[in-house]
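Chemist: To start, I am sharing the structure in question, which I have written as structure tokens.
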């Protein structure tokens, strides 16, 4: 079974992405990892080249900064990396630059890929998500966080990145038929120094909105205000091993006041129904779960 990882990144140093940790979490599962490195204002290319693995293949790309609607440029860059995956790969594993796999989940991921390797009806594999916020100690638990997404796809069947690269669809816009794995992506996109997070907010909103919208809706500041969140829970589990050095170097503090957790009435109803039945009412599903 041939497995290839793929990812994309730009300005990883400026925006404090854990991309090295992300790639290192992919390497044990893959025969090769394709990294699309975009034209950066910092030494992101040097950072990726510093990863000591012969499995890594870098392709250099140029982002189309004129794409300002719906985060489309992120999907375009994802597709560039996916297009570089060899045609003879059985599976392609995708992570974004702020997503990390836990080593405890490797057996489940390997078993899932092996189990459905030859079952062509299975076009992708679905992973659970854990979204960290503010620091490595808190996880978002409101319904604005997606709980699952496709991160393993079958190459060569016309799979393409969808919308802002959160997930995938087929070239004819059909949803992928997927199986759910007992594995969890650790998403650290909302864990950065407050200054780096503010820089990201001021820049990345331009991939979705006009300059006028950004000027009206993103307040200029030196640091991001992490208190703007509806509900968090304290994380009591273990982070991936590759993240531990980064976590140990955290140089800011964030404490969330649990008394400020706020659930809208309809979310309270959703939570009650999910606890009772296991079904999440109104959940966005960019896939067909087999």
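The values are calculated or read from the model by the stated rules, or taken from the named source; none is laboratory data. Model, not experiment: these values are computed from the prediction. Here the Cβ is made from the backbone with ideal geometry for all residues, glycine too, and neighbour counts use every protein chain on show.
Chemist: Could you list, in sequence order, all residues of region 83-101 that are part of a strand (DSSP E or B) and over 23 Å from residue 13 (Cα atoms)?
Modeler: 91, 92, 93
Chemist: Also, I was wondering about something else. Residues in region 168-189: is at least one under 30 Å from residue 247 (Cα atoms), touching a residue at least 24 places away in the same chain (Cβ under 8 Å) and in a loop (DSSP other than H, G, I, E, B)?
Modeler: Checked against the condition, which is being under 30 Å from residue 247 (Cα atoms), touching a residue at least 24 places away in the same chain (Cβ under 8 Å) and in a loop (DSSP other than H, G, I, E, B), region 168-189 yields no hits at all.
Chemist: What is the one condition in (1) outside any loop (DSSP other than H, G, I, E, B); (2) out of contact with any strand residue (DSSP E or B) (no Cβ under 8 Å at 6 or more places or on another chain); (3) at pLDDT 90 or above that residue 238 does not satisfy?
Modeler: Against the list (1) outside any loop (DSSP other than H, G, I, E, B); (2) out of contact with any strand residue (DSSP E or B) (no Cβ under 8 Å at 6 or more places or on another chain); (3) at pLDDT 90 or above, residue 238 comes up short only on (1).
Chemist: Could you check residue 108 against (1) surrounded by fewer than 18 Cβ atoms within 10 Å (Cβ to Cβ); (2) in contact with a strand residue (DSSP E or B) (Cβ under 7 Å, 6 or more places away or on another chain); (3) assigned to a loop (DSSP other than H, G, I, E, B) and say which number it fails?
Modeler: (3)
Chemist: If I go through region 15-43 residue by residue, how many of them are under 29 Å from residue 65 (Cα atoms) and within 18 Å of the chain's Cα centre (by Cα)?
Modeler: 17
Chemist: Within region 263-285, is even one residue at pLDDT 80 or above and under 20 Å from the mean Cα position of the chain (by Cα)?
Modeler: yes
Chemist: Taking the condition of being in contact with a strand residue (DSSP E or B) (Cβ under 8 Å, 6 or more places away or on another chain), part of a helix (DSSP H, G or I) and more than 28 Å from residue 105 (Cβ to Cβ), how many residues in region 29-52 meet it?
Modeler: The total comes to 1.
Chemist: Next question. I'd like to check something: does region 235-249 contain any residue that is touching a residue at least 12 places away in the same chain (Cβ under 8 Å), surrounded by fewer than 16 Cβ atoms within 10 Å (Cβ to Cβ), in contact with a helix residue (DSSP H, G or I) (Cβ under 8 Å, 6 or more places away or on another chain) and more than 19 Å from residue 15 (Cβ to Cβ)?
Modeler: Yes, region 235-249 contains a residue that is touching a residue at least 12 places away in the same chain (Cβ under 8 Å), surrounded by fewer than 16 Cβ atoms within 10 Å (Cβ to Cβ), in contact with a helix residue (DSSP H, G or I) (Cβ under 8 Å, 6 or more places away or on another chain) and more than 19 Å from residue 15 (Cβ to Cβ).
Chemist: Looking only at region 65-82, decide whether some residue is assigned to a loop (DSSP other than H, G, I, E, B), touching a strand residue (DSSP E or B) at 6+ places or on another chain (Cβ under 9 Å) and modelled with pLDDT of 95 or more.
Modeler: There is no residue in region 65-82 that is assigned to a loop (DSSP other than H, G, I, E, B), touching a strand residue (DSSP E or B) at 6+ places or on another chain (Cβ under 9 Å) and modelled with pLDDT of 95 or more.
Chemist: Still on this model: Considering only region 60-77, state which residues are under 18 Å from residue 48 (Cβ atoms) and touching a helix residue (DSSP H, G or I) at 6+ places or on another chain (Cβ under 9 Å).
Modeler: Those that are under 18 Å from residue 48 (Cβ atoms) and touching a helix residue (DSSP H, G or I) at 6+ places or on another chain (Cβ under 9 Å): 60, 61, 63, 74.
Chemist: Now for a different question. Pick from region 127-161 the residues that are in a loop (DSSP other than H, G, I, E, B), farther than 27 Å from residue 228 by Cβ and out of contact with any helix residue (DSSP H, G or I) (no Cβ under 9 Å at 6 or more places or on another chain): which of them is modelled with the lowest pLDDT?
Modeler: So, considering only residues that are in a loop (DSSP other than H, G, I, E, B), farther than 27 Å from residue 228 by Cβ and out of contact with any helix residue (DSSP H, G or I) (no Cβ under 9 Å at 6 or more places or on another chain), the one modelled with the lowest pLDDT is 156.
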